[in-house]
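Only the coordinates and a few stated rules stand behind these numbers; no lab work does. Keep in mind it's a predicted model, so treat the numbers as computed, not measured. Here the Cβ positions follow ideal geometry from the backbone for every residue, glycine too, while neighbour counts run over all protein chains shown.
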Amino acid sequence: MTTPVVDLRSDTLTRPTPGMVEAIATAQVGDDVYGEDPEINALEAEVAELLGHEAGLFCPTGSMTNMLGVRALVPPGQEVICDSMAHIVRAELGGHAVFGQVTTRTWQSDRGLVDADAVLAMAVPDAGAYFVSTAAVAVEDTHNFGGGTVQSVPELRRLRAGAAALGLGVHLDGARLWNAHVATGVPLSEYGSLADTISVCLSKGLGAPVGSVLVSTADRIAEARVWRKRMGGGMRQAGILAAAGRYALRHHVTRLGDDHARAHAIAVALAGVDPSIVDPDLVRTNIVASVWPSASAAQAFIAGCAEAGIRVGSVGSRVVRLVTHLDIDEAGAARAAEVLPAVAKQALAV
Ligand SMILES: *Cc1c(COP(=O)(O)O)cnc(C)c1O
């Protein structure tokens with residue numbers, strides 16, 4: 001029997017569990033563009049309730065919920081400010097400009113961490129007829145390319161208050177907000193109070209095959225529903241997908257702690273070879289961002305991992321990302337922690 005590949009490239013790679021398949025198979029569905037899909041209506045209400053917002057909107061992707069959330073807060077020709085590693089500026093292919101006519105300006109950060117004072121200092125709410133006016137701030141929690149970074153909740157609270165005082169909206173890209181919630185123990189309702197629009201993904205650590213939810217006020221969600229259809233995101237009997245998401249919310253949130261422990265163990269193993277690759281103390285969720293001394297060392301590590309039956313992903317010339325998730329069990333994580341040090345040693349010798 002060949003040993004199965006341990007695929008740590010992303011937490012999007014999960015496949016539905018038997019329980020989730022059962023939930024999909026027994027979903028009650030209707031036409032969601034008519035507002036008649038019971039699973040979707042229930043999912044939207046449940047996520048809104050968890051985050052203490054008025055309404056929710058189910059979308060095919062987190063890119064779409066981010067685009068709809070940001071465009072709800074930013075008029076055409078105005079800007080959303082965010083950090084330079086944010087998913088909205090690095091990985092959404094300019095969608096905010098293409099569909100929302102929104103411009104962006106970025107700040108540099110340490111691993112994606114938000115510094116409320118620095119962010120507020122760069123905002124220009126009413127810039128007049130010469131400069132671009134800032135309409136919103138976007139933050140990411142956990143921060144993906146920052147290495148699964150967990151934001152400080154007091155800092156986000158100060159940012160929201162400061163932004164409100166300036167008349168700015170706050171969008172929270174919470175693709176992995178569930179991971180932040182499990183890592184900090186801060187209730188989801190408290191996270192909900194930190195932003196005007198929040199996007200959460202069901203298709204990452206929660207293990208659903210497809211789907212994200214945007215939450216906000218009933219008015220903004222009604223408007224976002226129009227834009228979702230306009231962008232081609234009006235799905236019909238997509239309750240089979242929402243059922244998977246609802247199942248994931250019931251069964252796969254608290255278990256994220258296992259993913260976090262396994263990622264930490266992998267970080268400890270790598271740091272044992274060379275502490276400059278990763279600091280295990282900074283690995284608090286399911287993402288290990290390892291930094292290599294050169295692009296060739298990073299490439300050698302990726303290739304060496306593949307030979308050893310471990311798949312890892314490049315997210316920058318010297319940065320290799322390892323992500324734990326629902327389909328990485330204790331044995332898989334242990335095997336990774338066991339074989340990675342030798343692979344890392346070889347890569348550093350390149
Ligand atoms: C995955 C992800 C998204 C959404 O990605 P889609 O592939 O469009 O669902 C948004 N933000 C962050 C931080 C992500 O990691």
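Farthest toward the positive end of the dipole of the chain, out of ALA222, SER276, GLY211, is the Cα of SER276, where the dipole comes from beta carbon charges about the Cα centre. For segment 1-141, the calculated P(r) over all alpha carbon pairs, in 5 Å bins from 0 to the bin holding the longest distance, is 2, 8, 13, 14, 16, 15, 11, 9, 7, 3, 1, 1, 0, 0 percent.
When the chain is described by a simple charge dipole with +1 on each Lys and Arg Cβ and -1 on each Asp and Glu Cβ, the residue from ILE302, VAL137, GLY169 located farthest towards its positive end is ILE302. Per-peptide packing, taken as the mean over residues of other Cβ atoms within 10 Å, places 117-124, 10-17 in the sequence 10-17, 117-124 from highest down.
The calculated pair-distance distribution of segment 67-134 uses every alpha carbon pair, bins of 5 angstrom beginning at 0, and gives 4, 17, 27, 24, 20, 8, 1 percent.
Which order, highest average first, do 217-227, 298-308 follow once you tally other Cβ atoms within 10 Å for each residue and take the mean per peptide?
On the way: 217-227: 16.8, 298-308: 18.4.
Put in order of decreasing packing, that is 298-308, 217-227.
Couplings 3J(HN,Hα) for segment 157-166, derived from phi with the Karplus relation 6.51 cos²θ - 1.76 cosθ + 1.60 (θ = phi - 60°), are 5, 5, 5, 4, 5, x, 5, 4, 4, 8 Hz, where x marks Gly and Pro.
If each residue of separation counts as 0.36 nm, what is the full-extension length gain between ASP126 and ASP281 once their alpha-carbon separation is subtracted?
Working: separation 155, 0.36 × 155 = 55.80 nm, distance 4.11 nm.
Full-extension gain reported as 51.7 nm.
Share of pairwise Cα-Cα distances greater than 21 Å in segment 73-214 is 39 percent (whole percent).
Please compute the alpha carbon radius of gyration of segment 149-214, then divide it by the globular-protein estimate 2.2 N^0.38 Å. Two decimals is fine.
Details: Rg = 12.4 Å, N = 66, 2.2 N^0.38 = 10.8 Å.
Normalised Rg, Cα atoms only: 1.15.
In debye, nearest 20: dipole of the chain around its Cα centre with unit charges on the Cβ of K, R (+) and D, E (-)?
On the way: 27 positive and 37 negative charges, 123 e Å.
With Lys and Arg at +1 and Asp and Glu at -1, about 580 debye.
What's the center-to-center distance, using Cα atoms, between segment 194-212 and segment 1-56 in Å? Spelled out, the Cα-based centre of one part sits 10 Å from the other.
What number, rounded to the nearest 500 deg cm²/dmol, is the helix-based mean residue ellipticity at 222 nm of the chain, given -39500 (n - 2.57) per DSSP H run of at least four residues and division by all its residues? Value at 222 nm, helices only, nearest 500: -13000 deg cm²/dmol. For segment 255-348, the fraction of C-alpha pairs farther apart than 20 angstrom is 25 percent. Size of the chain: Rg and Dmax of its alpha carbons, in Å, are 20.4, 69. Remark: relative contact order (the chain) = 25 percent; criterion is Cα-Cα distance under 8 angstrom and separation of 6 or more residues.
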